[in-house]
1. I'm trying to understand the selection: among the residues of the range 53-64, which are touching a residue at least 24 places away in the same chain (Cβ under 8 Å) and surrounded by 13 or more Cβ atoms within 10 Å (Cβ to Cβ)?
2. Condition first: open to solvent by 90 Å² or more (accessible area, probe 1.4 Å) and either in contact with a Leu (Cβ under 8 Å, 6 or more places away or on another chain) or among the charged types (D, E, K, R) (or both). Now tell me which residues in the range 1-44 satisfy that.
3. Answer yes or no: is there a residue in the range 2-9 that is at pLDDT below 95 and in contact with a helix residue (DSSP H, G or I) (Cβ under 9 Å, 6 or more places away or on another chain).
Amino acid sequence: MQFVLKNILHFMPLIFGIGFLAPLLAQIIQVLGWPAPLGLAPMTLGLIIGGAWGAFAQFKGRWI
(Lines give C-alpha, C1' and ligand atoms only; values in the text may rest on other atoms or scores of the structure.)
Protein backbone atom coordinates (compact mmCIF):
# COMPACT_ATOMS: atom_id res chain seq x y z
CA MET A 1 0.00 0.00 0.00
CA GLN A 2 2.85 2.36 0.82
CA PHE A 3 4.43 1.66 -2.59
CA VAL A 4 1.20 2.53 -4.41
CA LEU A 5 0.70 5.77 -2.47
CA LYS A 6 4.33 6.76 -2.98
CA ASN A 7 4.01 6.34 -6.75
CA ILE A 8 0.70 8.22 -6.90
CA LEU A 9 2.10 11.12 -4.90
CA HIS A 10 5.24 11.16 -7.01
CA PHE A 11 3.17 11.85 -10.14
CA MET A 12 0.80 14.30 -8.42
CA PRO A 13 1.82 17.39 -10.47
CA LEU A 14 1.06 15.54 -13.71
CA ILE A 15 -2.22 14.18 -12.33
CA PHE A 16 -3.19 17.66 -11.12
CA GLY A 17 -2.39 19.18 -14.52
CA ILE A 18 -4.47 16.64 -16.42
CA GLY A 19 -7.23 16.05 -13.87
CA PHE A 20 -7.89 19.56 -12.60
CA LEU A 21 -6.27 22.19 -14.80
CA ALA A 22 -7.36 20.70 -18.13
CA PRO A 23 -11.12 20.70 -17.39
CA LEU A 24 -10.84 24.10 -15.71
CA LEU A 25 -9.11 25.61 -18.73
CA ALA A 26 -11.66 24.00 -21.07
CA GLN A 27 -14.53 25.53 -19.10
CA ILE A 28 -12.85 28.95 -19.09
CA ILE A 29 -12.39 28.76 -22.86
CA GLN A 30 -16.07 27.85 -23.32
CA VAL A 31 -17.42 30.51 -20.96
CA LEU A 32 -15.35 33.28 -22.53
CA GLY A 33 -16.29 32.11 -26.02
CA TRP A 34 -12.71 31.93 -27.25
CA PRO A 35 -12.25 29.84 -30.39
CA ALA A 36 -9.65 27.12 -29.98
CA PRO A 37 -6.90 27.19 -32.60
CA LEU A 38 -6.87 24.66 -35.44
CA GLY A 39 -10.49 23.72 -34.77
CA LEU A 40 -9.64 21.83 -31.59
CA ALA A 41 -12.28 21.11 -28.98
CA PRO A 42 -11.88 23.18 -25.80
CA MET A 43 -11.18 20.03 -23.77
CA THR A 44 -8.42 19.00 -26.17
CA LEU A 45 -6.78 22.38 -25.85
CA GLY A 46 -7.19 22.20 -22.06
CA LEU A 47 -5.53 18.78 -22.01
CA ILE A 48 -2.64 20.03 -24.10
CA ILE A 49 -2.03 23.07 -21.90
CA GLY A 50 -2.76 21.36 -18.57
CA GLY A 51 -0.76 18.27 -19.48
CA ALA A 52 2.22 20.31 -20.63
CA TRP A 53 2.12 22.47 -17.52
CA GLY A 54 1.81 19.38 -15.27
CA ALA A 55 4.66 17.66 -17.09
CA PHE A 56 6.81 20.77 -16.68
CA ALA A 57 6.05 20.80 -12.95
CA GLN A 58 6.77 17.08 -12.73
CA PHE A 59 10.20 17.29 -14.34
CA LYS A 60 11.37 20.66 -13.02
CA GLY A 61 9.89 20.30 -9.54
CA ARG A 62 8.11 23.67 -9.62
CA TRP A 63 5.07 25.23 -11.30
CA ILE A 64 6.72 28.45 -12.50
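The values are calculated or read from the model by the stated rules, or taken from the named source; none is laboratory data. The structure presented is a predicted model; accordingly, all values stated were derived computationally and were not measured. Don't worry about glycine lacking a Cβ; one is built from the backbone with ideal geometry, like all the others, and counts go over all protein chains shown. The accessibility values were calculated without ligands, DNA or RNA, using every heavy atom of the protein model including side chains. Shrake-Rupley method; radii C 1.70, N 1.55, O 1.52, S 1.80 Å.
1. Listed by number, the residues that qualify are W53, G54, A55, A57, Q58.
2. Answer for the range 1-44, where residues must be open to solvent by 90 Å² or more (accessible area, probe 1.4 Å) and either in contact with a Leu (Cβ under 8 Å, 6 or more places away or on another chain) or among the charged types (D, E, K, R) (or both): just K6.
3. Yes, some residue in the range 2-9 is at pLDDT below 95 and in contact with a helix residue (DSSP H, G or I) (Cβ under 9 Å, 6 or more places away or on another chain).
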